[in-house]
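**Student:** Take this structure first; my questions come after.
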Amino acid sequence: MKKIIIAPSFLSANFADLKNEISRCQEAKIEWIHYDVMDYDFVPNLTFGSKILKDIVNSSEFKVDIHFMVKVKTKKFEDFFAEYIKCNPSMMTMHIEAMSKKETKKFYELCKQNKIMFSLAVSPKTDIHILDEWLDKVDNVLIMSVEPGFGGQSFIPEVLTKVEYLSKLQKVNKYNYTIEIDGGINEETSKKAVKAGVQMMVAGSYLFESNNFSEKVKTLKHD
Ligand code: DX5
Ligand code: ZN
């Protein structure tokens with residue numbers, strides 16, 4: 001069985017002590033981190049731009065998964081991503097609900113041109129079939145297991161049917177995407193997610209609000 005990736009979400013990190021938060025991830029042998037960009041438009045919360053990410057990548061070697069919860073309002077869609085791309089992310093995730101079809105295509109091309117994994121996210125209330133036309137192109141699908149916007153919310157178990165659907169199609173059609181889940185992940189919910197077919201899990205408050213980060217990471221591994 002392939003190893004499940006655990007990506008700590010820096011949304012729940014202590015920003016007054018970022019160096020220590022990076023060290024906690026390194027000690028726990030974390031390879032990927034998750035960076036949540038919110039705009040107070042697509043979601044009712046505002047987080048950070050590219051500067052904090054730049055500082056994190058300059059003092060670590062993590063692979064970065066940027067989760068954009070934004071509606072792009074720049075004149076040229078691509079311009080919005082320029083500073084983030086300079087941070088050399090391994091993957092960029094946009095919500096399909098936040099883009100027109102034309103923008104989704106542009107986002108796909110932008111990721112491919114920059115050799116970044118092209119990832120699409122779906123919110124809990126969004127029909128999974130909205131992604132059907134992209135399943136042969138997407139490198140990762142992010143299933144939101146809470147309403148996007150805040151850390152520390154409870155896992156919505158109903159979204160696991162979406163994971164099962166994607167997992168089935170992955171096998172039947174030999175699709176190359178990975179399946180990621182984000183929101184409310186803890187020891188108990190991670191078991192269900194892995195059983196349903198998840199290959200990458202984001203965890204924010206469960207890890208960063210603990211005083212034993214490495215131990216908590218271990219409780220998420222069920223492979
Ligand atoms: C929520 C974010 C998540 C968040 C998860 O909109 O996308 O990445 O940090 O936090 P927890 O793990 O606390 O639910
Ligand atoms: Zn996220």
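The values are calculated or read from the model by the stated rules, or taken from the named source; none is laboratory data. This is a predicted model, so every value here is computed, not measured. Glycine also receives a Cβ, built like all others from the backbone with ideal geometry; neighbour counts cover every protein chain displayed.
**Student:** Between residues in region 198-214 that are in contact (Cβ under 8 Å) with a residue 12 or more places away in the chain and residues that are hydroxyl-bearing (S, T, Y) and surrounded by 15 or more Cβ atoms within 10 Å (Cβ to Cβ), which pairs lie under 6 Å by C-beta distance while being six or more apart or on different chains?
**Tutor:** Once the first residue is in contact (Cβ under 8 Å) with a residue 12 or more places away in the chain and sits in region 198-214, its partners that are hydroxyl-bearing (S, T, Y) and surrounded by 15 or more Cβ atoms within 10 Å (Cβ to Cβ) give Q199/T178; M200/T178; M201/S190; V202/S9; G204/S9; G204/S12; S205/S12; F208/S12.
**Student:** Do the conditions hold for I85, that is, is it within 16 Å of ligand 1 (Cβ to nearest atom), more than 23 Å from Q153 (Cα to Cα), β-branched (V, I, T) and crowded, with 16+ Cβ neighbours inside 10 Å?
**Tutor:** no
**Student:** Still on this structure, I have one more. Considering only region 101-122, how many residues are polar (S, T, N, Q) and within 16 Å of ligand 1 (Cβ to nearest atom)?
**Tutor:** So the answer is 1.
**Student:** Name, by its number, the condition in (1) within 16 Å of ligand 2 (Cβ to nearest atom); (2) outside any strand (DSSP E or B); (3) touching a residue at least 60 places away in the same chain (Cβ under 8 Å); (4) not hydroxyl-bearing (S, T, Y) that does not hold for K3.
**Tutor:** Evaluating K3 over (1) within 16 Å of ligand 2 (Cβ to nearest atom); (2) outside any strand (DSSP E or B); (3) touching a residue at least 60 places away in the same chain (Cβ under 8 Å); (4) not hydroxyl-bearing (S, T, Y) leaves (1) as the failure.
**Student:** Tell me which residues, restricted to region 12-28, are in contact (Cβ under 8 Å) with a residue 40 or more places away in the chain and either under 25 Å from G197 (Cα atoms) or out of contact with any helix residue (DSSP H, G or I) (no Cβ under 9 Å at 6 or more places or on another chain) (or both).
**Tutor:** Result: K19, C25, A28.
**Student:** Condition (residue is within 13 Å of ligand 1 (Cβ to nearest atom) and touching a helix residue (DSSP H, G or I) at 6+ places or on another chain (Cβ under 9 Å)) applied to region 123-139: is it met by at least one residue?
**Tutor:** yes
**Student:** Tell me the residue from F10, F15 that is of a type in the set (A, V, I, L, M, F, W, C), within 23 Å of K216 (Cβ to Cβ), modelled with pLDDT of 95 or more and more than 12 Å from ligand 1 (Cβ to nearest atom), please.
**Tutor:** Answer to the check: F15.
**Student:** I would also like to ask the following. Run down V138, V159, V163 and say which single residue is within 18 Å of I179 (Cβ to Cβ), free of Cβ contacts under 8 Å to residues at least 40 places away in the same chain, of a type outside the set (S, T, N, Q) and touching a Pro at 6+ places or on another chain (Cβ under 6 Å).
**Tutor:** V159
**Student:** Just to confirm my filter: which helices (runs of 4 or more DSSP H) fall fully inside region 16-93 and include at least 2 residues that are touching a Phe, Trp or Tyr at 6+ places or on another chain (Cβ under 6 Å) and more than 13 Å from ligand 2 (Cβ to nearest atom)?
**Tutor:** 50-58
**Student:** All but one of (1) more than 21 Å from W32 (Cα to Cα); (2) part of a strand (DSSP E or B); (3) of a type in the set (G, A, S) hold for A121; state the number of the condition that does not hold.
**Tutor:** Only one criterion is unmet by A121, namely (1).
**Student:** In addition: Filtering region 94-122 down to residues that are over 12 Å from the mean Cα position of the chain (by Cα) and within 15 Å of ligand 2 (Cβ to nearest atom), which residue is surrounded by the fewest Cβ atoms within 10 Å (Cβ to Cβ)? Quick ask: steps written out before the conclusion?
**Tutor:** Our first condition is that a residue be over 12 Å from the mean Cα position of the chain (by Cα); within region 94-122, this holds for 96-116.
Still in the list and also within 15 Å of ligand 2 (Cβ to nearest atom): 96-98.
On the way: I96: 20, E97: 16, A98: 21.
Among those residues, the one meeting the criterion is E97.
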